[in-house]
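J.: Before we start, here is the structure in question, set down as C-alpha cells.
The values are calculated or read from the model by the stated rules, or taken from the named source; none is laboratory data. These numbers were taken from a predicted model, which means no experiment stands behind them. Note that we place each Cβ from the backbone using ideal geometry, even for glycine, and neighbour counts take in every protein chain shown. The area values use the complete protein model at the heavy-atom level, side chains included, leaving out ligands, DNA and RNA. Shrake-Rupley method; radii C 1.70, N 1.55, O 1.52, S 1.80 Å.
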Amino acid sequence: MSARSETSNPRLDDAARAGWLYYVAGNTQDQIATKLGISRQTAQRLVSLAMSEGLIKVRVDHPIANCLDLAARLKSRFALDLVEVTPSDPDSTSSTIGVAQAAAVEIEKWLRRPEPVIMAIGTGRTLKAAIEQLPPMECPQHKVVSLTGNISPDGSAAFYNVIFTMADTIKARSFPMPLPAIASSPEERKMLHSQQLIQPTLALAAQADITFVGVGDLGPQAPLLEDGFITEADLKALQKAGAVGEIVGWAFDRDGRLIDGITNDRVASAPLPSRERSLVVALAMGERKLPGILAAVTRRLVNGLITDERTAEGLLATAT
C-alpha cells in the first residue's frame with residue numbers, strides 16, 4: 001500500500017504530526033521532541049520521514065517563486081549555465097534596478113573565492129550600477145581585465161567603463177584596455193592591437209574564468225550612438241544590415257551572427273571569452289533589449305543571464 005493511502009500506520013501518523021509541527025507550526029526539533037515525548041533524534045527522523053514519504057507539500061507563496069520558475073525555464077529552453085531572474089517593479093522605468101543588485105551578488109560570490117580567478121568585465125549602465133553595489137574587499141589573488149576600450153571618442157575616459165572603479169573597490173590587479181571602443185578604421189585597430197602593451201591584455205581576456213557584460217540595443221537610443229562611439233550613419237547601416245544588439249561593441253543580428261563590416265571591422269574590444277570553458281554572463285533587461293538578449297542566448301554568445309521577470313517572460317513568449 002502506498003504512503004498516500006496508508007492511514008492506519010502509527011509510524012506515518014507520528015511522522016505527519018512531527019512534519020506539521022515543524023513545517024506549519026514552526027517548532028524546532030527540540031520543541032517537537034518535548035511535545036511528542038520523544039528524543040530529539042527521533043523527532044529529526046520523523047520530520048525526514050514525513051518529507052520522504054510525500055506527507056509534506058511545500059509551497060512557496062511569494063513573488064520570488066515566479067522568478068525561480070522563470071529562471072528554470074530559461075535555463076532549460078536556452079541551455080544556459082546560469083540564470084537569475086529578479087522581480088519586476090511595475091512602476092519603475094529603470095533599466096538597471098534589481099538586475100544590478102543581483103549581478104553584484106553574483107560578482108561578489110566569485111570575488112570571495114580563495115583560489116585565483118580571472119574576471120573579464122564589459123561596459124554599460126547595468127554593469128556600472130552593479131559595480132557600485134560591491135562592498136570594499138581585498139582580492140589580491142584575482143585579476144580583473146577589461147574587454148573593451150576605456151577611451152571615449154573625444155579622448156576622455158569612457159563614463160561607463162568600470163574597470164578602475166572596480167579595481168579600487170576590491171583591491172585586485174586590474175588590466176584596462178587603453179584604447180577607443182571603436183577605432184577609426186580597420187587599419188588603426190590592427191595597429192592598436194599589435195602594440196606590446198595591448199597584447200598581454202587581449203591574451204588575459206581570452207583566459208577569463210568568468211565574464212560579465214551588458215547587452216546594448218541598436219534602436220534610436222542605442223548606447224553606442226548616445227555615448228558617441230558610432231555615428232547616425234553607422235547606426236542606420238547596422239540597422240539596415242539587420243543588427244539588433246551589441247556586446248562590448250560587437251554588433252549582431254537576430255540570429256546572433258556578427259554583422260560583417262560596417263563597425264565590427266573597427267571594434268577594438270577583445271573577442272568574447274570561450275563559452276565552452278568559461279561562464280559569460282549578460283546583465284540586461286527591458287523591452288528595447290529583448291531582441292538582442294534573445295539573439296545572444298539563442299546563439300550562445302553568452303551562457304549566463306541575469307534579467308527581470310518581464311524580460312524573462314518576453315524571452316519565453318518570443319521563443320515559443
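J.: Choose one of TRP20, THR148, ALA208: the residue whose Cα lies farthest towards the positive end of the charge dipole of the chain (beta-carbon charges +1 Lys, Arg; -1 Asp, Glu; about the Cα centre).
T.: Of the listed residues, the answer is TRP20.
J.: Between THR28 and THR165, how high is the FRET efficiency from 1/(1 + (r/R0)^6) when r is the Cβ-Cβ distance and R₀ = 41 Å? Nearest 0.05.
T.: 0.35
J.: If contacts are Cα pairs under 8 angstrom and at least 6 residues apart, what is the relative contact order of the chain in percent?
T.: 18
J.: When every alpha-carbon pair in the stretch 140-293 is counted, what percent end up more than 25 Å apart?
T.: In whole percent, the long-distance tail amounts to 27.
J.: How much length is gained if the chain between ALA79 and ASP13 is pulled fully straight, taking 0.36 nm per residue apart and subtracting their Cα-Cα distance, in nm to one decimal?
T.: Stretched out fully, the ALA79 to ASP13 stretch lengthens by 19.5 nm.
J.: For the cross-link pairs LYS75/LYS240; LYS109/LYS171; LYS240/LYS289; LYS75/LYS190, which exceed 26 Å when the distance is taken from alpha carbon to alpha carbon?
T.: Checking Cα-Cα distances, LYS75/LYS240; LYS75/LYS190 exceed 26 Å.
J.: In square angstrom, what is the accessible area per residue of the chain with a 1.4 angstrom probe?
T.: 50
J.: Please identify, among LYS240, LYS75, LYS35, the residue showing maximal mean-square fluctuation in a Gaussian network model of the chain using a 10 angstrom Cα cutoff.
T.: LYS35
J.: Given R₀ = 30 Å, what would the calculated FRET efficiency be for GLU276 paired with LEU197, taking r from the Cβ atoms and rounding to 0.05?
T.: About 0.55, to the nearest 0.05.
J.: Using only the Cα atoms of the chain, what do you get for the radius of gyration and for Dmax, in Å?
T.: Values for the chain (Cα only, Rg and Dmax): 24.9, 83 Å.
J.: In square nanometres, what is one fourth of the surface area of the convex hull spanned by the alpha carbons of the stretch 65-148?
T.: Mean projected area of the Cα convex hull: 7.0 nm².
J.: I've got another one for you. Highest GNM mean-square fluctuation, the chain, Cα pairs closer than 10 Å: which of ASP13, ASP255, ASP209?
T.: Answer for the Gaussian network model of the chain: ASP13.
J.: Of the accessible area of the chain, with the probe set at 1.4 angstrom, what percent is carbon plus sulfur?
T.: Ligands and nucleic acids excluded, carbon and sulfur reach 52 percent.
J.: Something else now. Mean Kyte-Doolittle hydropathy of -0.5 or higher plus an axial Cα length of 20 Å or more: which whole DSSP H helices in the chain meet both?
T.: 63-78
J.: Further, regarding this structure: Of the residues THR123, THR28, THR86, which exhibits the maximal mean-square fluctuation in a Gaussian network model of the chain defined by a 10 Å Cα contact cut-off?
T.: The residue with the greatest mean-square fluctuation here is THR28.
J.: On to the next question. Where the convex hull is taken over the Cα atoms of the stretch 216-276, what is its projected area averaged over directions, in nm²?
T.: Average of the hull's projected areas for the stretch 216-276 equals 4.1 nm².
J.: For the stretch 8-48, what is Rg from Cα atoms divided by 2.2 N^0.38 Å, rounded to two decimals?
T.: 0.99
J.: Let me ask something else. So what is Rg over Rh here for the stretch 177-226, counting just Cα atoms and using Kirkwood for Rh?
T.: Radius of gyration over Kirkwood radius for the stretch 177-226 works out to 1.05.
J.: Give me the distance in nm between label points sitting 7 Å out from Cα along the Cα-to-Cβ direction at GLU187 and LYS240, one decimal.
T.: According to this spin-label approximation, the distance is 2.4 nm.
J.: I'd like to know which of THR165, LEU134, CYS67 lies farthest towards the positive end of the charge dipole of the chain, counting +1 on Cβ of Lys and Arg and -1 on Cβ of Asp and Glu.
T.: CYS67
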